[in-house]
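*Asks:* Once you've had a glance at the structure underneath, I'll fire off some questions.
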Amino acid sequence: MRKLRPKALVDITFESKNGRVDSFISLKNRINFSYKSNFYSKIPFKAMVQGIFLVGAVIFLIFGSVTAPTTSTLAANESANAQAERAELEAQLKELEDQIDQYEGQIQSYQKQGKSLKGEISNLGNKIDKLKLQVRAINLTLSQLDRKIDETNYQITTTVKSIDSNKESLGELIRTLYHSGQLSTMEILLKNPKISDFFDDLNSITLLQNSIQEAIGKITNLQNQLVDQKEQLSLARADAATMKEFQEAQRVESEKIRVQKDQLIKVTKAQEDKYQVLLKETKKTAAEIRSRIFQLLGGGELTFEKAYELAKMASDATGVDAAFILAVLDRESALGKNVGRCTYQQAMHPTRDVPPFLEITKELGLNPETMSVSCANSDGAYGGAMGPAQFIPSTWIAYKDRIAKATGKNPPSPWGNVEAFTATGLYLSDAMSGCNNLYTNQSSRERCAAAKYYAGGRWKNFLWTYGEATVTRANKFRDDIATITGN
């Protein structure tokens, strides 16, 4: 061990009374041991107390309870921070979801108003079209009435002319009849020596009287009929004209109302568009917060966008809805974050799953001793599920060829995201086929398929626990996907 040496030597010098510096000048006694009476009076107690206090402080700092942060302390702090961030994000998400509900309510209200207004406008349009047709019909009626009135006027004029033209003949007949009426029967007899001529003249006078009476009656009746007809046609035309004015007024008023409602539709549509924009922005923010919560809850290295991309690939390959695939994988392993903490010796069924597990790891060039699988359940059921999809080895072997064909990866790995997402889609597709025969509602089918994914033959016991939770989660994912894709 190397001895410590001083880095520099400095003379200790003292200044005498006369100002001369001398290193060897005699010093004044600091403590006089020869005089007992002065011993206690000359000990510097204050300096000693200060020194003791200083030493104690140094010892406390060196050996006290202050310790440096350890890894576990940092992890605990980090976990606490994550929990605090998650709680804050969930509170924000709740506010946003409430806001989304309000916006959707407003949009539905405006849409309902718009539909109502459109319905009213459609009815008004039909009413206006009907009124237009009625006005056209009345115009035709008026034209017909005008024509009939003109015809009646013509007939009246013709009749009057006929009466005028026959006035002279009638006058002559009347005069002849008058003169004939002045003759007595004896005079007529004396004028006609022959008895036959007497009777001929007498019959002629009678016939003439009858003809005159008949002609006068016909002309009078015809004239009266024509006058009555003209009056009736005039009244009918006046009624039709009044109806036309009323219907035209209704048409004009309906047009005004339609214009007003068109303006209301534009205002309603503008308000609806405004809330649609707010809704879209709020949903986008909510999706971003859900994505962050998703990571905090175990999404790990997979962002929501990446997880959706993988689910979309699996959906295209299997026909199962991407949101439903995401929901199942989220329930199973938090999309690959929680793939188990046990070894195959601890958790797997020894005869059913251990041999295929060893075959899978050997084919992939993996060390089976270091691959984590799910632990056994508390109810005693075997574990051993592998990777994000949480397939047990025997099930993976059954789907292996179909997974390889769908992904192009042969051999497929249960721990690979692409293969795991595809495997989930294939299994759900098979489960859904059986559920389609049992349920007609899509949510019920998904609930059934999710329960089968989780519990196999005991799926009915988990319809309203695992199955319902998965369907609810899938609906949330659908909202987020719609926000991300804009569809």
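*Asks:* Restricting to segment 283-339, name every residue that is modelled with pLDDT of 90 or more and in a loop (DSSP other than H, G, I, E, B).
*Replies:* Within segment 283-339, 319, 320, 321 qualify.
*Asks:* Among the residues in segment 109-127, are any at pLDDT 80 or above, of a type outside the set (Asp, Glu), under 30 Å from residue 268 (Cα atoms) and assigned to a helix (DSSP H, G or I)?
*Replies:* Taking every residue of segment 109-127 in turn, at least one turns out to be at pLDDT 80 or above, of a type outside the set (Asp, Glu), under 30 Å from residue 268 (Cα atoms) and assigned to a helix (DSSP H, G or I).
*Asks:* Hey, another quick one. Report, by residue number, each residue of segment 231-276 that is closer than 15 Å to residue 144 by Cβ and touching a residue at least 40 places away in the same chain (Cβ under 8 Å).
*Replies:* 233, 234, 236, 237, 240, 241, 243, 244
*Asks:* Suppose we filter segment 333-378 for residues that are of a type outside the set (A, V, I, L, M, F, W, C) and touching a strand residue (DSSP E or B) at 6+ places or on another chain (Cβ under 6 Å); how many remain?
*Replies:* So the answer is 2.
*Asks:* Only one of these is over 19 Å from residue 322 (Cβ atoms), crowded, with 20+ Cβ neighbours inside 10 Å, more than 27 Å from the chain's Cα centre (by Cα) and aliphatic (A, V, I, L, M): 420, 451, 455. Name it.
*Replies:* 451
*Asks:* Can you tell me which residue in segment 392-422 is nearest to residue 471 (Cα to Cα), limited to those that are of a type in the set (Gly, Ala, Ser) and assigned to a helix (DSSP H, G or I)?
*Replies:* Selected residue: 420.
*Asks:* Next up: Take segment 319-358 and flag every residue that is among the polar types (S, T, N, Q) and touching a helix residue (DSSP H, G or I) at 6+ places or on another chain (Cβ under 9 Å).
*Replies:* 333, 338, 345
*Asks:* Out of 475, 441, 436, report the one residue that is surrounded by fewer than 21 Cβ atoms within 10 Å (Cβ to Cβ), modelled with pLDDT of 90 or more and under 12 Å from residue 324 (Cα atoms).
*Replies:* It is 475.
*Asks:* Then there's this: Quick check on segment 359-371: of everything there that is part of a helix (DSSP H, G or I) and out of contact with any helix residue (DSSP H, G or I) (no Cβ under 8 Å at 6 or more places or on another chain), which residue is farthest from residue 399 (Cα to Cα)?
*Replies:* Looking at the filtered set, the residue picked out is 362.
*Asks:* While we're looking at this one, here's another question. When you go through 456, 425, 434, 467 one by one, which is the residue that is free of Cβ contacts under 8 Å to residues at least 12 places away in the same chain and assigned to a helix (DSSP H, G or I)?
*Replies:* 456
*Asks:* Looking at residue 316, is it of a type outside the set (Gly, Ala, Ser) and in contact (Cβ under 8 Å) with a residue 12 or more places away in the chain?
*Replies:* Here the answer is no, as residue 316 does not meet what is asked.
*Asks:* Could you please find all residues in segment 372-391 being assigned to a loop (DSSP other than H, G, I, E, B) and in contact with a Phe, Trp or Tyr (Cβ under 7 Å, 6 or more places away or on another chain)?
*Replies:* 376, 384, 385, 387
The values are calculated or read from the model by the stated rules, or taken from the named source; none is laboratory data. Keep in mind the model is a prediction, meaning the values are calculated, not measured. Cβ coordinates were reconstructed from backbone atoms using ideal geometry, including for glycine residues, and neighbour counts include every protein chain displayed.
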